[in-house]
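**Student:** So that we are looking at the same thing, I have put the structure below in structure tokens.
The values are calculated or read from the model by the stated rules, or taken from the named source; none is laboratory data. These numbers were taken from a predicted model, which means no experiment stands behind them. Cβ placement follows ideal geometry from the backbone for every residue including glycine, while neighbour counts extend to all protein chains displayed. Ligands, DNA and RNA are stripped out before the accessible areas are found, and what is left, the full protein with its side chains, is counted by its heavy atoms. Shrake-Rupley method; radii C 1.70, N 1.55, O 1.52, S 1.80 Å.
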Amino acid sequence: MNLASLIPFASWSVLTADFLIVLHLTIGGVTLAAILHLASAKWRYLVRNIAISLFGLFPLAFVLLLILLLARHHVFPWLGNPLPAEEEHPLNGWHNPAFLAAREIIGLLVVGWLWRRFITLQALSERSEADWKRFTTTAYFIPVMHVIYGTMVAWDFEMTMLASWESSVYGMYHFVSNFGMLLSMMVVMCFVLDRGKRLRKPLPDTVFNYIAQMMLGFTILWTYLFFAQYLTIWYGNLPEERNRIENMVTGDYSVLWWSFFTMKFIIPFVFLVFTYFRHSPVSIFRIAIIIIIGTWLERFTWIAGSVNTGPFVRAHMPFTSVFDVVVTIIVAVIAVVLVRRALARNEVTHSGFSGNAVRAA
């Protein structure tokens with residue numbers, strides 16, 4: 001018996017949720033910069049170097065992916081406990097360990113190459129008309145690749161955790177949820193950097209209003225996809241689809257389910273729908289923190305909730321073991337160090353973050 005087998009699946013789910021948050025921050029920042037460029041948003045020049053600095057998390061995302069793939073028998077329930085051949089929904093070709101590792105590693109490397117090319121071309125985009133065209137052409141591929149790769153990640157690390165469960169909108173649901181979290185992280189970074197006077201060029205308050213409008217839009221879109229998926233499963237009333245939702249909504253993780261729904265819809269919508277809060281950087285910052293926490297809970301609930309613990313076994317709650325706390329702290333500290341270095345390298349900051357803005361908020 002190795003050490004990994006002593007760690008419960010829910011604790012591995014904590015690490016998986018950490019990985020997904022880091023991954024979507026890694027790829028989301030460049031996607032935001034590409035979208036703002038394609039939309040010809042004038043304020044993109046104020047935030048694009050902050051956004052692409054999140055790509056500094058790429059080495060951490062890659063290492064976490066390798067760890068999860070090496071511990072795959074403890075991370076993926078269908079691999080640790082494969083379904084017997086006589087089951088109604090036997091494992092298909094998608095549930096193949098070698099194919100899983102190959103598509104995830106190759107996919108992340110391709111994304112890394114394309115994202116790095118975008119960042120390089122952005123720095124050279126105003127050198128000549130030819131450079132501008134190459135940069136714009138590359139920008140077109142970024143959102144497309146993000147959706148394709150993000151859908152694969154959603155399927156592998158959440159949807160197919162329960163091999164017999166599927167949803168036609170889960171890929172988009174996953175993408176919208178995490179991009180809303182990316183926007184929230186942008187607010188947190190901009191607020192902390194600006195109020196801590198670490199930016200070389202201070203940000204006007206209008207930037208927070210622009211991002212808040214996008215946060216409101218993605219909050220509404222996430223809620224639409226949330227109910228579109230739920231209602232389809234509810235109307236179909238198929239046990240293999242309905243049981244997974246019911247286990248999360250009414251089981252041990254019900255408190256997490258309703259918590260992330262409150263944090264990702266009720267609180268953001270109730271406040272951001274009013275102009276006053278969309279023009280208050282402090283309010284936007286606080287709402288952004290809530291959305292980030294809600295997104296982490298959402299990721300954990302979908303992953304850990306894919307396995308029914310049974311009527312006489314209490315589900316493991318996150319951060320109730322040393323493993324959960326230690327790995328998350330390690331990931332968070334490394335992430336902060338990598339982003340600080342990327343911000344300095346991209347000439348965004350003088351010397352990194354300051355805690356004064358957080359305490360003031």
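**Student:** Within segment 125-223, which trypsin sites (Lys or Arg not before Pro) sit in a loop by DSSP and count at most 13 neighbouring Cβ atoms inside 10 Å? Before the final figure, lay out the partial values.
**Tutor:** Values: sites: Arg127, Lys133, Arg134, Arg195, Lys197, Arg198, Arg200; in loops: Arg127, Lys197, Arg198, Arg200.
Listed in order of number, the matching sites are Arg127, Lys197, Arg200.
**Student:** Mind putting together the pair-distance distribution for segment 135-271? All Cα pairs, 5 Å bins, whole percent per bin, short to long.
**Tutor:** Reading the bins upward from 0: 2, 8, 14, 17, 19, 15, 10, 7, 4, 3, 1, 0.
**Student:** Would you mind finding the longest exposed-site-free stretch of the chain, with exposed chymotrypsin sites (Phe, Trp or Tyr not before Pro) meaning DSSP loop and at most 14 other Cβ atoms within 10 Å? Spell out each step's value before the answer.
**Tutor:** Numbers: sites that count: Trp94, Phe274, Phe312, Phe319.
Within the chain, the longest run free of exposed chymotrypsin sites (Phe, Trp or Tyr not before Pro) spans 95-273.
**Student:** According to a simple spin-label model (label point 7 Å from Cα along Cα-to-Cβ), what is the distance in nm between Glu129 and Lys201?
**Tutor:** 2.5
**Student:** In percent, what relative contact order does the chain have, based on Cα pairs under 8 Å that are 6 or more apart in sequence?
**Tutor:** Result for the chain is 26 percent.
**Student:** With a sphere of radius 14 Å drawn around the Cβ of His316, what net charge do the other residues whose Cβ falls strictly inside it have (Lys, Arg +1; Asp, Glu -1)?
**Tutor:** Working: positive: Arg314; negative: Asp252, Asp324.
Neighbourhood net charge equals -1.
**Student:** Using the scaling law 2.2 N^0.38 Å as the reference, what is the normalised Cα Rg of the chain?
**Tutor:** Compactness ratio reported: 1.00.
**Student:** Rg over Rh of segment 247-334, using C-alpha atoms and the Kirkwood radius, what does it come to?
**Tutor:** 1.07
**Student:** Is it possible to state the helix-based mean residue ellipticity at 222 nm for the chain, with each DSSP H run of 4+ residues giving -39500 (n - 2.57), the sum divided by total residues, to the nearest 500 deg cm²/dmol? What is it?
**Tutor:** About -23500 deg cm²/dmol.
**Student:** Which residues make up the longest stretch of the chain that has no GluC sites (Glu not before Pro) in a DSSP loop with at most 15 other Cβ atoms within 10 Å?
**Tutor:** It works out to 167-346.
**Student:** Something else: Per the Kirkwood formula on distinct C-alpha pairs, the Rh of segment 293-335 is how many angstrom?
**Tutor:** Mean inverse Cα-Cα distance, inverted, gives 11.8 Å.
**Student:** Rg to Rh for segment 189-240: what is it, with Cα atoms only and Rh by Kirkwood?
**Tutor:** Numbers: Rg = 19.2 Å, Rh = 14.0 Å.
Over the Cα atoms of segment 189-240, Rg/Rh equals 1.37.
**Student:** Under 28 Å Cα-Cα from Lys133, which lysines qualify once same-chain neighbours fewer than 8 residues away are excluded?
**Tutor:** The qualifying lysines are Lys42, Lys201.
**Student:** Provide the solvent-accessible area of Asp205, counting protein heavy atoms only and rolling a 1.4 Å probe, rounded to the nearest 10 Å².
**Tutor:** 80
**Student:** Under DSSP H, which helices of the chain have Cα atoms covering 20 Å or more of the helix axis and a Kyte-Doolittle average no less than -1.0?
**Tutor:** Membrane-span-like by this rule: 9-38, 97-124, 129-157, 170-195, 206-236, 281-304, 322-345.
**Student:** Over the Cα atoms of segment 107-162, compute the convex hull volume and normalise it per residue, giving Å³. List each step's numbers first, then the result.
**Tutor:** Details: hull volume 3.2 nm³, N = 56.
Cα-based convex hull of segment 107-162, divided per residue, equals 57 Å³.
**Student:** Could I ask something else about it? What net charge is computed for the residues neighbouring Ser184, neighbours being all others with C-beta under 12 Å from the C-beta of Ser184, Lys and Arg scored +1, Asp and Glu -1?
**Tutor:** Net of charged neighbours comes to +2.
**Student:** Still on this structure, I have one more. Using amide H atoms built 1.01 Å from N in the peptide plane, name the residues 5+ places from Leu162, or on other chains, whose amide H lies under 5 Å from its own.
**Tutor:** Excluding prolines and chain starts, which carry no amide H, there are no hits.
**Student:** Which whole-angstrom value gives the distance between the alpha carbon centres of segment 98-169 and segment 277-294?
**Tutor:** Centre-to-centre (Cα) distance: 28 Å.
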